[in-house]
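The values are calculated or read from the model by the stated rules, or taken from the named source; none is laboratory data. Because the structure is predicted, anything quoted here is derived from the model rather than measured. Neighbour counts are summed over all protein chains in view; Cβ atoms, including those assigned to glycine, are modelled from backbone coordinates with ideal geometry. Areas reflect the complete protein model, heavy atoms only, side chains present, ligands, DNA and RNA absent. Shrake-Rupley method; radii C 1.70, N 1.55, O 1.52, S 1.80 Å.
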Amino acid sequence: MCQTVDLRQAVLARNDDSARELRSALSARGTVVVNMLSSPGSGKTALLEAELGLAKERGVAVAALTADLATENDALRLARSGAPVKQVLTDGLCHLEARMLAGHLDGWLPRDCRLLFVENVGNLVCPASYDLGESLRVVLASVTEGEDKPLKYPTAFGLANLVLVTKADLAAAAEFDEAAFLANVQRVNPGVEVVHTSARTGDGVGALLDRALGVLGGAAVHRPVMASGHSHGGHVHVVQETP
């Protein structure tokens with residue numbers, strides 16, 4: 001068991017070195033990376049499509065990279081926004097890594113891009129441990145997933161700089177207990193902002209773009225308590241159970 005943990009920590013440490021290099025390089029060119037994590041079916045793609053469209057309307061230079069095990073479905077949807085989009089197929093890998101991301105950005109990322117949204121693989125376990133060189137880490141959860149999601153995936157929610165609740169228009173039908181969810185989020189990540197959104201109705205759309213633009217402008221981001229422990233690159237690494 002100790003050897004397994006040591007190997008995992010070595011892999012994560014190498015990733016964090018790559019993440020620091022990528023963050024520095026993108027910062028030098030004036031680009032902020034937003035890393036978006038969620039379970040499959042959370043509505044992440046629908047919300048991101050709306051945010052990209054709004055960014056284009058405002059004249060903000062944005063791009064999106066979306067990762068999946070298979071198909072280019074999400075890239076095709078996001079491209080409808082008019083923003084530059086790239087699909088990454090991970091061939092079975094359950095997460096993106098910093099070096100992998102850097103390789104896909106090389107020669108593709110538009111020079112004038114100010115905000116790069118990375119739609120990570122739909123998974124709240126593996127991606128939570130990998131720093132991608134992001135300046136803003138966002139975790140999304142739909143009202144249909146249950147109020148205890150933050151407790152089941154404490155690393156993902158515990159390292160978030162921002163939490164978005166999606167499909168808020170279905171809250172009543174799903175009997176979503178908002179108070180319980182908020183309490184659970186604060187239990188694993190005290191002080192983190194939680195924003196309710198609905199891509200269907202437009203409620204809360206633009207909040208993610210506003211927060212990302214704030215970071216681009218130098219605004220401070222929420223510092224999770226969990227990130228202040230033993231960590232690499234600002235993110236603590238916790239060995240979790242396989243989903």
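Around K44, under 13 Å between beta carbons, what's the net of Lys plus Arg minus Asp minus Glu among the other residues? For residues surrounding K44, the net value is -4. For a modelled paramagnetic label at L182, 7 Å from Cα along Cα-to-Cβ, the residues of the range 198-230 in reach, with backbone nitrogen under 17 Å, are 198, 204.
If the segment from A13 to T71 were pulled out straight at 0.36 nm per residue, it would be longer than the present Cα-Cα gap by 17.8 nm.
Shape analysis of the range 1-117 places it in the oblate category; the axes a ≥ b ≥ c from the Cα gyration tensor give an a/c of at least 1.5, with a/b not above b/c.
What residue among M226, M36, M100 shows peak mean-square fluctuation when the chain is described by a Gaussian network model with Cα springs under 10 Å? Checking each option, the largest mean-square fluctuation is seen for M100.
One Cα centroid belongs to the range 43-61, the other to the range 121-146; the line between them spans 18 Å. In a GNM of the chain with a 10 Å cut-off on Cα contacts, which of A28, A227, A13 has the highest mean-square fluctuation? Greatest mean-square fluctuation among the candidates belongs to A28. When you restrict to C-alpha pairs under 8 Å that are six or more residues apart and normalise by the size of the chain, the relative contact order lands at 24 percent.
Taking a threshold of 24 Å on the Cα-Cα distance, which of the pairs K56/K149; K44/K149; K56/K86 fall above it? Walk me through the numbers on the way to the answer.
Details: K56/K149 33 Å; K44/K149 16 Å; K56/K86 17 Å.
Long pairs (Cα-Cα over 24 Å): K56/K149.
Helical runs assigned H by DSSP (4 residues or longer) give the chain a calculated mean residue ellipticity at 222 nm of -11000 deg cm²/dmol, each run adding -39500 (n - 2.57) before division by the residue total.
Write down the accessible area per residue of the chain in Å², having rolled a 1.4 Å probe over the full set of protein chains.
On the way: 10700 Å² over 243 residues.
For the chain, the solvent-accessible area averages 44 Å² per residue.
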